1. Keeping all protein chains in place and using 1.4 angstrom, which order do B:ILE45, B:ILE21 fall into by accessible surface area, from largest down?
2. How many Cβ atoms of partner chains, on average, are near each residue of A:25-33 if near means within 10 Å of its Cβ?
3. For peptide B:94-107, compute the average count of partner chain beta-carbon atoms within 10 Å of each residue's beta-carbon.
4. Setting aside same-chain residues fewer than 8 positions from B:LYS162, which lysines have a Cα under 19 Å from its Cα?
5. Take every DSSP beta bridge whose two residues both sit in chain B, then give the antiparallel share in percent to the nearest 5.
6. Determine the shielding of peptide A:140-151 by partner chains: average, over its residues, the number of Cβ atoms on other chains within 10 angstrom of each Cβ.
7. Between copies, how far apart are the B:ASP243 label points? List them in nm, one decimal, shortest first, with each point 7 Å from Cα toward Cβ, please?
8. Determine how many Å³ per residue the convex hull of the Cα atoms of the protein assembly as shown encloses.
2 protein chains.
Amino acid sequence: MKYDQILLAHGGGGLLTNEIIRETFLPHFQNDLLGRLEDGAVLRIGAEKLCFTTDSYVVNPLFFPGGNIGSLAVHGTVNDLSMCGGVPLFLSAGFILEEGFPMADLEKIIQSMAEAAREAGVQIVTGDTKVVTRGAADGVFINTAGVGMIRYPGLISPASIKPGDVIILNGPIGDHGAAIVNKRENLGFEAEIVSDSAPLNGLVAAALAASAEIHAMRDCTRGGLGTILVEMAEQSGTIIEIDEAAIPVREPVRGFCEVLGFDPLFLANEGKMVLFCPEAESDKVLSAMKAERYGKDAAVIGRVQKTVDRGRLIMKSMIGGLREVTIPSGELLPRIC
Amino acid sequence: MKYDQILLAHGGGGLLTNEIIRETFLPHFQNDLLGRLEDGAVLRIGAEKLCFTTDSYVVNPLFFPGGNIGSLAVHGTVNDLSMCGGVPLFLSAGFILEEGFPMADLEKIIQSMAEAAREAGVQIVTGDTKVVTRGAADGVFINTAGVGMIRYPGLISPASIKPGDVIILNGPIGDHGAAIVNKRENLGFEAEIVSDSAPLNGLVAAALAASAEIHAMRDCTRGGLGTILVEMAEQSGTIIEIDEAAIPVREPVRGFCEVLGFDPLFLANEGKMVLFCPEAESDKVLSAMKAERYGKDAAVIGRVQKTVDRGRLIMKSMIGGLREVTIPSGELLPRIC
């Protein structure tokens with residue numbers, strides 16, 4: 001189905017986002033690189049293999065426990081580059097500012113971007129600033145694009161996923177989504193719910209150094225762990241089985257979800273990733289990840305069962321049954337990143 | 001002076017844009033590449049020399065004579081890459097859409113982007129779509145970042161400008177700014193005022209092929225020819241003298257400016273550029289440019305006089321006098337690109 005107007009759900013990272021990309025963007029922009037619909041494009045330029053990615057950030061509120069739109073804009077793009085197997089090197093920063101936006105808030109945001117860039121070891125090398133009249137934007141929107149270099153010999157892509165691969169998740173899910181909604185809607189959950197926004201390039205470098213057989217990686221941002229695993233199952237044409245009991249969720253986030261009816265599987269993260277590798281490699285990859293700051297809680301959460309015509313995600317629930325996980329069709333959370 | 005709020009003029013491309021970049025962004029992001037404040041960053045990655053640039057587009061109205069926000073978003077970034085001496089190869093596209101935006105308009109915009117990309121010979125290889133609630137953005141904003149490859153041996157930069165260089169402009173100025181304002185404000189100028197939005201990479205390739213001594217190039221976008229020549233005079237520490245009579249302005253645009261009190265020197269262009277090269281090279285560069293679709297009206301409009309402590313732009317007026325051209329301090333035109 002095609003809508004005649006843009007709906008919030010077109011930006012939610014779920015089914016409608018998938019639909020607008022496939023039905024509206026791809027028919028016009030069609031090329032092999034974009035057609036893969038991965039987090040970033042892998043490019044050959046001269047002798048080098050690079051990755052290139054972009055994201056616009058429209059998160060509301062701009063400041064939230066664990067970060068702000070500035071740190072998020074750096075982490076998100078650093079992570080997308082990392083997921084292609086790239087070493088993130090250079091970022092661009094494009095600002096759309098609303099007339100009247102407090103300069104002091106802009107300074108805080110820029111300072112957070114600079115700190116996040118330093119932690120991740122990337123440079124912000126080119127930028128742009130636009131200002132629109134009051135009411136024509138909501139405070140500040142930031143776009144970051146990024147360029148990284150790929151040295152890893154393997155093809156890191158859902159296309160490389162194979163039956164027998166195990167799936168490693170680097171820690172508890174749902175923190176970012178819960179932190180944003182709690183703050184935005186003034187839900188007042190007292191328990192400590194803090195965004196997990198973090199640069200994952202160090203963690204990825206450690207994993208790639210530990211094994212030359214990493215097949216695929218994705219960060220579990222908009223749409224959450226559930227959406228990205230469904231997409232990876234479809235892209236790889238495999239049945240992916242995960243074990244609900246093995247997926248860590250922090251207590252305050254679990255409580256938040258129970259009260260409000262959210263499923264942590266579909267809450268956004270900004271510092272979580274999944275990695276696919278053969279079972280024989282998983283011990284060394286897991287230890288390498290656990291030794292890193294953002295991988296302490298890494299765990300195997302499932303495995304790839306078999307190749308099929310229509311890939312799907314199956315979850316063994318806490319109480320033992322198996323069910324297919326599908327992407328919720330309604331609106332996910334808007335302006336989560 | 002520093003303001004405590006963002007003003008429209010911070011995005012106008014004039015003095016306040018310069019100020020916010022120097023006083024707010026640069027102190028945090030400081031690095032050599034960004035510090036040059038050129039249209040794009042020139043990067044070494046492995047064996048290759050690349051250029052990387054970004055621009056966000058917030059033009060109002062979205063559709064205007066001669067193009068729309070989609071074609072503009074491709075041309076602007078293709079041109080920024082070209083001005084570094086790069087061959088534009090790959091673009092990213094980040095969309096921020098307002099809930100309720102007509103899907104048919106989005107399709108037209110995407111189609112224009114795709115056509116513009118085809119004409120320029122670049123691929124849109126990675127993208128992102130965000131949706132914000134009604135009222136949180138004005139229709140659609142687009143960010144494009146671009147990556148190009150640099151093969152030209154010389155350093156194309158205001159730092160390479162030398163006394164004796166001539167300045168070549170590729171055609172009449174002010175068309176884009178006049179077209180946008182005429183449409184947005186419903187001024188109803190009947191005469192044909194059409195944006196000059198165009199990809200300049202073919203023109204630049206022809207010029208670079210004609211001479212190995214091109215010193216600097218800039219596209220005359222936001223702020224117009226006047227602002228960018230003042231900036232280039234400052235960056236190169238030279239006196240640049242231009243001849244008003246040699247600068248082409250189409251009759252309808254001249255009439256528009258006379259009636260409304262605009263100076264075409266400070267009206268935006270989206271398909272105009274200046275090129276600096278030694279006088280001895282100028283004949284062959286000029287003929288190469290004139291042979292190209294977007295260079296037919298190319299002309300020498302001035303020359304670089306001498307090196308000084310504080311670079312400035314001098315203009316010989318139509319009636320013969322010499323005056324220093326300075327960037328207007330008030331608000332230029334908002335949302336022109």
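1. Working: B:ILE45 0, B:ILE21 50 Å².
The most accessible residue leads, giving B:ILE21, B:ILE45.
2. 6
3. Values: counts 10, 7, 8, 9, 4, 8, 4, 4, 3, 10, 2, 2, 6, 6.
The mean count of partner-chain Cβ atoms within 10 Å per residue comes to 6.
4. Here the lysines satisfying the reach criterion relative to B:LYS162 are B:LYS284, B:LYS306.
5. If we restrict to bridges inside chain B, about 75 percent are antiparallel.
6. Values: counts 1, 10, 2, 14, 4, 14, 4, 8, 1, 3, 0, 1.
Across the residues of A:140-151, the mean count of other-chain Cβ atoms within 10 Å is 5.
7. Its label point is 8.2 nm from the equivalent points in the other copies.
8. Enclosed volume per residue, from the Cα hull, is 142 Å³.
The values are calculated or read from the model by the stated rules, or taken from the named source; none is laboratory data. Worth saying up front: this structure is predicted, and the values here are computed from it rather than measured. Cβ: placed from backbone, ideal geometry, glycine included. Neighbour counts: every protein chain shown. All accessible areas refer to the heavy atoms of the entire protein, side chains included, with ligands and DNA or RNA removed. Shrake-Rupley method; radii C 1.70, N 1.55, O 1.52, S 1.80 Å.
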